[in-house]
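Student: I'd like to ask you about the structure that follows.
Each value in this text was obtained by applying a stated rule to the coordinates, not by laboratory testing. Since this is a predicted model, take the numbers as computed values, not measurements. When we count neighbours, we look across all protein chains shown, and the Cβ atoms used for this are built from the backbone with ideal geometry, even at glycine.
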């Protein structure tokens, strides 16, 4: 499932405050993004068709909740980005992001820990 940049904005809101009715989605996103109510309703409808959102109807109100986990969407989008921009090669992508991002001391420590874990895993696989 391919989610557009604008649809990511909608999905992030739904993941944050689900279940959420369409009026709240419109209220939260219309002014901030200069989107009309019709545009937002179209995106909600598209996301339901794609299987990313589920909806229930309560009278005239539509209530939405995510049909997919954020982590699954992030994994798919990351893989797609990596394939398109870095020919599927993670190392140059990671190097690029580390070089061009402002990282706190905590974030650097987390990255070091992840790399150390990866090293330990690679060492075990060699034996």
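Student: Between helix 5-17 and the chain, what is the angle of the helix's C-alpha long axis to the longest principal axis, kept within 0 to 90° and rounded to the nearest 10?
Tutor: It is inclined by approximately 80 degrees.
Student: Rank-order 100-106, 112-118 by packing density, defined as the average count of other C-beta atoms within 10 Å over each peptide's residues, highest first.
Tutor: Highest mean packing first, the order is 112-118, 100-106.
Student: Also, I was wondering about something else. By its C-alpha gyration tensor, with a ≥ b ≥ c as the square roots of the eigenvalues, how is the range 67-114 shaped: rounded for a/c under 1.5, else prolate for a/b larger than b/c, else oblate?
Tutor: oblate
Student: Using the alpha-carbon centroid of each, what span in Å lies between the range 1-27 and the range 69-127?
Tutor: After rounding, the separation between the Cα centres reads 27 Å.
Student: With each pseudo-label sitting 7 Å past Cα toward Cβ, what's the residue 118-residue 57 distance in nm, one decimal?
Tutor: So the label points at residue 118 and residue 57 sit 4.9 nm apart.
Student: Further question: Rounded to the nearest 500 deg cm²/dmol, what is the calculated helix-only ellipticity per residue at 222 nm for the chain, with -39500 (n - 2.57) per DSSP H run of length n ≥ 4?
Tutor: -23000 deg cm²/dmol
Student: Would you mind computing, in nm to one decimal, how far apart the modelled labels at residue 84 and residue 108 are, each placed 7 Å from Cα along Cα→Cβ?
Tutor: For residue 84 paired with residue 108, the spin-label model returns 3.3 nm.
Student: Sticking with this one: Past the 13 angstrom mark, what percentage of all C-alpha to C-alpha distances in the range 5-66 do you count?
Tutor: Within the range 5-66, distances greater than 13 Å cover 56 percent of Cα pairs.
Student: Could the peptides 75-86, 8-19 be put in order, highest first, of the mean number of other beta-carbon atoms found within 10 Å of their residues?
Tutor: Listed from highest to lowest mean packing, they are 8-19, 75-86.
Student: By how many degrees, between 0 and 90 and to the nearest 10, does the Cα long axis of helix 37-50 differ from the longest principal axis of the chain?
Tutor: Helix 37-50 and the main axis of the chain meet at about 60 degrees.
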